[in-house]
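Nothing in this text is a laboratory measurement; each read-out follows from the coordinates by a stated rule. Here the structure is a predicted model, which means the values were calculated and not measured. Don't worry about glycine lacking a Cβ; one is built from the backbone with ideal geometry, like all the others, and counts go over all protein chains shown.
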Amino acid sequence: MSLHRRRLVCAGVFALAWVTAARAHRGHQTMSLVDVDARGEVRITHTLTAHDTEPELAQLAPAANPSVDDPDALKALLDHLAGGFTVNGSKADLLSYHLGSDTLTFVYRARVALAGKGLPQRFTIDYKLFAGSYSAPVGLVQVRYRGATKSLQCVPGAAPLSVDF
């Protein structure tokens with residue numbers, strides 16, 4: 001293979017790797033795990049990235065600095081996460097949060113009524129997180145119940161989505 005051809009192949013491989021890396025994070029802004037136990041206790045863990053979330057804070061808290069370091073912006077974000085995500089119509093209460101350098105983790109709890117032992121169970125997720133976003137993010141939601149996990153892709157403003165177990 002000639003030197004010119006090798007350079008072209010290397011450039012093509014580099015370009016493909018760059019495009020793949022750039023697209024790896026596209027398409028979602030939140031990842032949420034909904035873990036439901038046998039008593040109907042729900043633990044919701046939202047994982048976000050600061051670089052995706054902080055631009056949204058300008059809309060959630062216009063008078064605040066768009067940073068999770070700003071107490072007013074953080075409070076607006078916490079309220080938004082609590083009110084913009086429901087499981088079977090149940091709003092959630094904040095349990096804890098952790099603000100890493102770029103990874104933000106928020107844990108909420110709720111309670112839902114269960115269908116009964118041995119009966120099919122349906123969980124409906126109403127996803128309204130960052131509905132006014134300029135980037136129209138997709139939220140990836142995993143619902144875990146009875147040792148099984150099912151995934152949903154939620155778009156703000158869309159009708160609630162359900163999973164059956």
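The modelled label-to-label distance for the pair SER133/LEU94, using points 7 Å beyond Cα in the direction of Cβ, is 2.0 nm. As a proxy for reagent exposure, ranking THR45, THR86, THR53 by other Cβ atoms within 10 Å from fewest up yields THR45, THR86, THR53.
By the count of other C-beta atoms within 10 Å, a proxy for reagent exposure, ILE125, ILE44 are ordered fewest to most as ILE125, ILE44. A straight Cα-to-Cα reach below 14 Å connects LYS91 with the aspartates and glutamates GLU41, ASP79, ASP126, residues fewer than 8 places away in its own chain not being considered. Of the residues LYS91, LYS117, the one with the fewest other Cβ atoms within 10 Å heads the list, and the complete ranking is LYS117, LYS91.
The 3J(HN,Hα) values that the Karplus relation (6.51, -1.76, 1.60; θ = phi - 60°) gives for the range 70-75 are, in residue order, 7, x, 5, 5, 4, 4 Hz. Gly and Pro appear as x. Which of the three applies to the range 26-164, rounded, prolate or oblate, going by the alpha-carbon gyration tensor with a ≥ b ≥ c and a/c under 1.5 meaning rounded? Note, shape of the range 26-164 comes out prolate. Applying 1/(1 + (r/R0)^6) with r as the Cβ-Cβ distance of THR49 and LYS117 and R0 = 41 angstrom yields a FRET efficiency of 0.55.
Summing Cβ point charges (Lys, Arg +1; Asp, Glu -1) relative to the Cα centre of the range 54-165 gives a dipole of roughly 860 debye.
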